[in-house]
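The values are calculated or read from the model by the stated rules, or taken from the named source; none is laboratory data. Bear in mind the structure is a predicted one, so any value in this text is a computation, not a measurement. Cβ placement follows ideal geometry from the backbone for every residue including glycine, while neighbour counts extend to all protein chains displayed. All accessible areas refer to the heavy atoms of the entire protein, side chains included, with ligands and DNA or RNA removed. Shrake-Rupley method; radii C 1.70, N 1.55, O 1.52, S 1.80 Å.
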Amino acid sequence: MQNRHFALGIFFVVLATLNSAGYRYGASDQAFYIPAVLRKLDPALFPRDRLLIDAQGRLILIDEILAAVVQYTHISIPHLFAVLYVATLLLLFTAAIRLGARLFRTRAAVLALAAALTLRHAVAKTGANTLEGYFHPRQLSFALGLLAVAGFLERRGRLSAALLVCAGLIHPTTAVWFAVWLGVATWMERPELRRALGAGVAAVAIAGALVLWRGPLAGHLARMDAGWLAVIGDRDYLFPLAWPLNVWFTNLIAIPIVLYGWRARARANLTVPGETPLVAGAMALAVIFFAWLPFSALHVAIAVQMQVTRVFWMIDCLGTVYLVWIIAEGTAPAHALKKRATIAATAIVVLSVVRGLYSCFVQFPDRRIVSIDVSQPDWRDAMAWAQTTDPGSGWLADPHHAALYGSTVRAAGHRDVIIDQLKDPAIAMYDREVAMRLADRERSLAELAWNTPEGARALARRYSLDYLVIDRRLDLPLEHQSGSLFIYRIR
């Protein structure tokens, strides 16, 4: 049986990876996490971008944890991230199997749920996807949180609590919503624990007040001013009141699915112990979201930074559980149950396979399915050369180089770069000074053509930059060439 589950787990990893258009290193949000880990391993790195990296890094522990793993095991960061990516998906698979085994009556329906979770999709306007094609601490925290939900249904309270603590150490703004979800569910399910839960909530509230008053979040109760908002205003996932109606519908549709599925199960006497409190906890997340809206509308910094819209990720997942139950089992009679579940599981697996193959071979035919290191060869070679330069050197590149080459100068070259237009604005929401720094650089790039010798030299004088990496020949001193990429000295 263990071998069978392991084989299914590997199949789950393959399907999830295909539906994410392959695995890649250094992509997207790793533009922040890799430099944060590198800085812990070598404090001499990123002397110019320290303020930006610390804006989020000082609020989390994952960079210290990953750096400690690298130091202790001597594993490279690319290989560590690949291992953690696979581990995250295996934990998610385990959570799906345990949840399904508790809620469903057939093995086929359990497999249908696991297959459904490989169908990657964006949780509309939340800045989160249900799966990512790279290792992200948020995904690992979510998998641990979902395991904690399964532990709650299995009445393994201590295990659930331990999993939530681990999730909090990895990605607190994901774990906190699981804690609220399961906290409400436990309050309803276990009256004997209400006093302890109340004391715990009071302790957390006091600790939170101290952190906001004198701790690392001091000043975050202030409202974001116009200059700060101008930098992050295009991040519409931070401001739900600006959502169009179709986004509201997409996110809220999971709520009636959950309620319909739960009500149908209750009428058929199919609910299991803990299920009703679990549904109530999920609905509490929706209530918190709506209660949070006024603070978001006022642009209170901590209200924006907590990204309460992420509660829809949890509700979306529970909606998937109930939707699979409605399709695969429902209230079908016992004699038809196995056949219906088998058909549903087969259909969802086939859908996942076809969609995954389409993503990898039609949508992104030039992308490798698995890239342990930076995948673009010219960029990988150029950034390898960048790592041989002075750690204090400053670099100029296309503001959108992360989208062009799949990784940033910081993540791939281990060097400071004037701007990463893809992710720097997201980090700017955590610190006004970082936002103003970014606004200044955006104005300079609007005034000066970074891809001309005159513009590059002017930017170099203004920001003490040393190198330019670009995909064309310029009348500048050439330091290195990597295929179609040229690295020039500009100071």
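Of the residues making up the range 397-441, just one is open to solvent by 30 Å² or more (accessible area, probe 1.4 Å), closer than 19 Å to GLY233 by Cα, touching a Pro at 6+ places or on another chain (Cβ under 9 Å) and touching a residue at least 60 places away in the same chain (Cβ under 8 Å), namely LEU422. Quick check, is VAL149 among the β-branched types (Val, Ile, Thr), open to solvent by 10 Å² or more (accessible area, probe 1.4 Å) and in a helix (DSSP H, G or I)? Spelling it out, it is not the case that VAL149 is among the β-branched types (Val, Ile, Thr), open to solvent by 10 Å² or more (accessible area, probe 1.4 Å) and in a helix (DSSP H, G or I).
Is there a residue being at pLDDT 95 or above, open to solvent by less than 10 Å² (accessible area, probe 1.4 Å), closer than 16 Å to ILE372 by Cα and not aliphatic (A, V, I, L, M) anywhere in the range 10-19? Checked the range 10-19: no residue is at pLDDT 95 or above, open to solvent by less than 10 Å² (accessible area, probe 1.4 Å), closer than 16 Å to ILE372 by Cα and not aliphatic (A, V, I, L, M). Scanning the range 472-481 for residues that are within 16 Å of ARG380 (Cα to Cα) and out of contact with any Phe, Trp or Tyr (no Cβ under 7 Å at 6 or more places or on another chain) turns up just one, GLN481.
Summed over the range 90-131, the residues that are among the charged types (D, E, K, R) and under 15 Å from ALA345 (Cβ atoms) give a count of 2. Taking each residue of the range 205-217 that is touching a residue at least 40 places away in the same chain (Cβ under 8 Å) and assigned to a helix (DSSP H, G or I) and looking for partners that are open to solvent by less than 50 Å² (accessible area, probe 1.4 Å) and of a type in the set (A, V, I, L, M) with beta-carbon atoms closer than 8 Å, six or more apart or interchain, yields LEU212/ALA218; LEU212/ILE302. Scanning the range 36-51 for residues that are farther than 26 Å from CYS166 by Cα and of a type in the set (A, V, I, L, M) returns ALA44, LEU45, LEU51.
Among the residues making up the range 298-333, a single one is over 24 Å from the mean Cα position of the chain (by Cα) and closer than 23 Å to ILE427 by Cβ: LEU298. The set of residues from the range 242-286 being outside any helix (DSSP H, G or I), under 26 Å from the mean Cα position of the chain (by Cα) and surrounded by fewer than 16 Cβ atoms within 10 Å (Cβ to Cβ) comprises PRO244, ILE253.
Could you please let me know if VAL354 is of a type in the set (Val, Ile, Thr) and out of contact with any strand residue (DSSP E or B) (no Cβ under 9 Å at 6 or more places or on another chain)? Taking the combined requirement at face value, the residue satisfies it. Taken as a whole, the condition of being part of a helix (DSSP H, G or I) and either surrounded by 14 or more Cβ atoms within 10 Å (Cβ to Cβ) or of a type in the set (Phe, Trp, Tyr) (or both) applies to LEU182. The residue of the range 20-41 that is surrounded by the most Cβ atoms within 10 Å (Cβ to Cβ), among those that are assigned to a helix (DSSP H, G or I) and over 15 Å from the mean Cα position of the chain (by Cα), is PRO35.
Conditions (1) farther than 23 Å from GLY392 by Cβ; (2) in contact (Cβ under 8 Å) with a residue 24 or more places away in the chain; (3) not in a helix (DSSP H, G or I), marked per residue:
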| position | (1), (2), (3) |
| --- | --- |
| PRO43 | no, no, yes |
| PRO47 | no, yes, yes |
| LEU51 | no, yes, no |
| LEU59 | yes, yes, yes |
| ILE65 | yes, yes, no |
| VAL69 | yes, no, no |
| LEU80 | yes, no, no |
| LEU84 | yes, yes, no |
| ALA87 | yes, yes, no |
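If you scan the range 220-241, which residues turn out to be under 20 Å from LYS125 (Cβ atoms), not in a helix (DSSP H, G or I) and not acidic (Asp, Glu)? MET224, GLY233, ARG235, PHE239, listed by residue number.
Note on the range 185-199: among residues that are charged (D, E, K, R) and either on the phi > 0 side of the Ramachandran plot or part of a helix (DSSP H, G or I) (or both), the one that is most open to solvent (accessible area, probe 1.4 Å) is ARG195. Mind checking which pairs have a first residue in the range 332-356 that is without any contact (Cβ under 8 Å) to a residue 12 or more places away in the chain and more than 28 Å from THR17 (Cα to Cα) and a second that is in a helix (DSSP H, G or I) and open to solvent by 50 Å² or more (accessible area, probe 1.4 Å), Cβ under 8 Å, 6 or more apart or different chains? Taking only residues 6 or more apart or on different chains, the pairs are ALA332/ARG340.
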